[in-house]
Amino acid sequence: QVQLVESGGGLVQPGGSLRLSCAASGFTFSNYGMSWYRQAPGKERELVATIPSTAANTNYAESVKGRFAMSRDNAKNMVYLQMNSLKPEDTAVYFCYAYRGTIMRPLTMYWGQGTQVTVSS
């Protein structure tokens with residue numbers, strides 16, 4: 001019943017842009033913090049950006065700060081990740097993630113299936 005469905009991934013050249021979307025259903029969206037994670041082959045899963053349920057400050061990984069912008073629309077149960085000035089190092093599977101509690105101490109966790117982003121000439 002709970003679903004997080006990512007879309008918008010694909011192949012893009014360095015310097016290009018992509019916008020990822022995550023559609024949430026089956027839970028009370030506004031009570032959950034939302035995050036984007038990514039994982040490249042052979043690397044640890046990395047937190048890219050997060051917005052708490054309180055709609056406090058959006059936090060970004062240093063590697064994407066100034067290039068990526070995360071947003072959430074509680075009225076539509078949607079999360080977005082605008083990615084600009086993409087680099088080959090951004091190549092990864094990007095996951096939508098919902099949590100109740102805090103990002104460091106979640107009480108409940110839901111994961112999307114992931115969407116592939118490939119940045120290559």
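The figures follow:
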item: Filter result for residue 50 (out of contact with any helix residue (DSSP H, G or I) (no Cβ under 6 Å at 6 or more places or on another chain) and free of Cβ contacts under 8 Å to residues at least 24 places away in the same chain); result: no
item: Residue that is nearest to residue 15 (Cα to Cα) [pool: residues in region 40-65 that are touching a Ser or Thr at 6+ places or on another chain (Cβ under 8 Å) and assigned to a loop (DSSP other than H, G, I, E, B)]; result: 40
item: Residues of region 101-121 classified as open to solvent by 40 Å² or more (accessible area, probe 1.4 Å) and closer than 20 Å to residue 23 by Cβ, total; result: 5
item: Any hit, region 16-36, residues being more than 29 Å from residue 107 (Cβ to Cβ), crowded, with 18+ Cβ neighbours inside 10 Å and not basic (Lys, Arg); result: yes
item: Region 55-90, residues that are more than 15 Å from residue 21 (Cα to Cα) and β-branched (Val, Ile, Thr); result: 58, 64
item: Among residues of region 25-39, those that are touching a residue at least 24 places away in the same chain (Cβ under 8 Å) and in a loop (DSSP other than H, G, I, E, B), counted; result: 3
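The values are calculated or read from the model by the stated rules, or taken from the named source; none is laboratory data. Since the structure is predicted, the reported quantities are computational estimates derived from the model, not experimental observations. Ideal geometry is used to build each Cβ from the backbone, glycine not excepted, and the neighbour counts take in all protein chains shown. For the accessible areas, the whole protein counts, side chains as well, though only heavy atoms, and no ligand, DNA or RNA atoms are used. Shrake-Rupley method; radii C 1.70, N 1.55, O 1.52, S 1.80 Å.
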